[in-house]
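Below is one structure; the comments refer to it alone.
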Amino acid sequence: MHLPLPRIPAPVPAAPDLEARLTDEMASVVAGARRRALRDGDRQIDTAHLLHSLLETDPEVRAAFDGGAQVARVLGYLVQRSIGYGLRWQGSVEDSGAIPLLTQPGWSPSAVTAMESALARAAARGQSRVRGTDLLAALAADPACRAVEVLEHAGADAETLCARLAEEPLSRQVSQG
C-alpha cells in the first residue's frame with residue numbers, strides 16, 4: 001500500500017509594495033493573516049484571513065460589532081473555515097471583481113483592494129496610520145469578498161457594520177492617528 005505524501009503548502013510571500021506602507025500594528029495583522037493562509041494551505045492571503053486576524057488582535061474592531069455574542073459567532077465561523085469549511089476556497093483565487101490598484105504576490109486581488117481602501121480611508125481623515133477599523137470598513141464594503149460571506153453566514157450584517165464604522169466620531173478618528 002502506497003500512502004500519499006502530505007501536502008506541504010508553499011510559503012505565502014510578502015508583498016513589499018503594500019506592506020511597506022503599514023504601521024507595526026497593521027503589519028502584525030498581516031503577519032497573522034499570512035500564518036493563517038499558510039496553515040490553511042492557501043497560496044494567498046484573502047479577506048477572510050485578514051478578518052480573522054483583525055478580530056483576534058484589535059479590540060476596536062471587536063467593539064465595532066453588535067456585542068460579544070456576534071464577535072463569538074464570527075470567530076466561530078472563521079475557526080470552522082480553518083478546520084474544513086474553507087476547503088471549497090482552497091486552491092482558488094479570491095476576486096470579487098474589484099480591480100486592485102496594485103497586484104501583489106501572495107495576496108488575493110480582493111485583499112489588495114481592501115488594504116488600498118483602508119489606506120485611502122486613513123488618508124481621507126488626514127492620517128497616514130491605518131487602523132483596524134479602516135480595514136474592517138474596507139472589508140465590509142465589498143459585498144463579493146470572502147470576509148463578507150463569513151460575516152453574513154455568522155449573522156453579522158456587513159451594511160450595518162459599514163454604517164456603524166462610517167459614523168465613528170471624528171474626534172476618535174483623529175486622536176487615533
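Per-residue surface analysis assigns MET115 an accessible area of about 0 Å², computed on protein heavy atoms at 1.4 Å probe radius. Listed values for the range 31-38 are Karplus-derived 3J(HN,Hα) couplings in whole Hz (6.51 cos²θ - 1.76 cosθ + 1.60, θ = phi - 60°), namely 4, x, 5, 5, 4, 4, 4, 5, and x replaces Gly and Pro. Residues whose amide H comes within less than 5 Å of that of ILE45, counting only those at least five positions distant or on another chain, are TRP107, SER108 (H built at 1.01 Å from N in the peptide plane).
Legend: P(r) of the range 113-160 from all alpha carbon pair distances, 5 Å bins from 0, whole percents, reading 5, 25, 28, 19, 13, 8, 2. In terms of accessible area, using a 1.4 Å probe and ignoring ligands and nucleic acids, HIS49, HIS153 rank largest first as HIS153, HIS49. Between ASP24 and VAL79, the C-beta separation translates, for a Förster distance of 35 Å, into a calculated FRET efficiency of about 0.85. Ligands, DNA and RNA excluded, the heavy atoms of SER128 present near 100 Å² of accessible surface to a 1.4 Å solvent probe.
The values are calculated or read from the model by the stated rules, or taken from the named source; none is laboratory data. None of the values given here were measured: they were computed from a predicted structure. All Cβ positions, even for glycine, are placed from backbone atoms using ideal geometry, and neighbour counts span all protein chains on display. Just so you know, the surface numbers come from the protein's heavy atoms only, side chains and all, with ligands and any DNA or RNA stripped out. Shrake-Rupley method; radii C 1.70, N 1.55, O 1.52, S 1.80 Å.
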